[in-house]
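The values are calculated or read from the model by the stated rules, or taken from the named source; none is laboratory data. From a predicted model like this one, the values you see are computed outputs, not experimental measurements. Using ideal geometry, Cβ is built from the backbone for each residue, glycine included, and neighbour counts are taken over all protein chains shown.
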């Protein structure tokens, strides 16, 4: 196997307000940086680790979003729903306030998901490693660049065929 330079890696992740930069070919290597001991967890139990991590991240992100937007436009009931940690106990069928609501897909495994409304709900998708990283990028927790598969064997160039993940 030929050793690859960092610019050839499939994934690039920046987190901790730009303080950490990680490159890897496999998404689970990035998750091992975000979730302590992730690679030591048996593969069949990693979904639980992503769910637990997502619950922690959701609470922190939700507080940051509320601080940025402020509570104006939220009813007292929506504020209760919005601030409940780690899992909202009541979430309306749709979310129309300007303040984005951050939710974890696994928390709605046995009940209907609130409707996505004009970008006001952000889902942390925990089903697989790649999807979880992409949803963390969409939520603004990390900056994620993913190299297109076809570019992995290409020669180096200034435009290095990487694209940001998350918002399309």
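Can you tell me how many residues within the stretch 24-45 are crowded, with 18+ Cβ neighbours inside 10 Å, in a loop (DSSP other than H, G, I, E, B) and touching a strand residue (DSSP E or B) at 6+ places or on another chain (Cβ under 9 Å)?
0
Taking the stretch 100-129 on its own, how many of its residues are modelled with pLDDT of 85 or more and in a loop (DSSP other than H, G, I, E, B)?
Residues in the stretch 100-129 being modelled with pLDDT of 85 or more and in a loop (DSSP other than H, G, I, E, B): 5 in total.
Which numbered condition trips up residue 21, out of (1) touching a strand residue (DSSP E or B) at 6+ places or on another chain (Cβ under 7 Å); (2) surrounded by 15 or more Cβ atoms within 10 Å (Cβ to Cβ)?
The one condition residue 21 does not meet is (2).
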